[in-house]
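Asks: My structure is below; once you've seen it, I'll send some questions.
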Amino acid sequence: MPLNQKKIVSIIVKQCKKVEERCPGYRDEVFNVIADIVQYEGQHRIRGTNIQKKINDKCQATGQFLYNSIK
C-alpha cells in the first residue's frame, strides 16, 4: 500500500475512534461503511461503476442498523 493510502487509512481509523457510540457496535459499523465506500471508489476508478447508488444503499443500510439498534 502506498504511503499516502496508509496515511488515509490511519486518519480514518483515528477519526472513527472519536465517533460517539450511539449503540453497541456503532463505531465498528461506521468504520466498515467508510471502508466499503473507499473500496467502491477504487472499483469506480477501474470500471466506472454506479458508485452513487452503492453509497446511497450503504448509507440507507447503516441508518437502518442504527434505527433497529435504538428502538
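Asks: Please tell me if Asn68 is among the polar types (S, T, N, Q), within 18 Å of Ile8 (Cα to Cα) and part of a helix (DSSP H, G or I).
Replies: Judged against the criteria, Asn68 is not a match.
Asks: For Asn4, are the conditions met, namely being within 23 Å of Gln52 (Cβ to Cβ), part of a helix (DSSP H, G or I) and not aliphatic (A, V, I, L, M)?
Replies: no
Asks: Check whether at least one residue in region 41-48 is aliphatic (A, V, I, L, M), surrounded by 14 or more Cβ atoms within 10 Å (Cβ to Cβ) and in a helix (DSSP H, G or I), and report yes or no.
Replies: no
Asks: Name every residue in region 23-32 that is free of Cβ contacts under 8 Å to residues at least 12 places away in the same chain and closer than 15 Å to Gly63 by Cβ, in order of residue number.
Replies: Asn32 - this is the single residue of region 23-32 that is free of Cβ contacts under 8 Å to residues at least 12 places away in the same chain and closer than 15 Å to Gly63 by Cβ.
Asks: So, one more: Output the residue which, of all residues in region 14-53 that are farther than 20 Å from Phe65 by Cβ and of a type in the set (A, V, I, L, M), is nearest to the chain's Cα centre (by Cα).
Replies: Taking the candidates together, the pick is Ile51.
To keep it simple, each residue is scored yes or no on (1) among the β-branched types (Val, Ile, Thr); (2) on the phi < 0 side of the Ramachandran plot; (3) touching a residue at least 24 places away in the same chain (Cβ under 8 Å).
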site: Lys14; (1), (2), (3): no, yes, no
site: Glu21; (1), (2), (3): no, yes, no
site: Ile34; (1), (2), (3): yes, yes, no
site: Glu41; (1), (2), (3): no, yes, no
site: Gly48; (1), (2), (3): no, no, no
site: Ile51; (1), (2), (3): yes, yes, no
site: Gln60; (1), (2), (3): no, yes, no
site: Gln64; (1), (2), (3): no, yes, no
site: Ile70; (1), (2), (3): yes, yes, yes
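Bear in mind that the values in this text are calculations on the coordinates, not laboratory data. The structure presented is a predicted model; accordingly, all values stated were derived computationally and were not measured. Ideal geometry is used to build each Cβ from the backbone, glycine not excepted, and the neighbour counts take in all protein chains shown.
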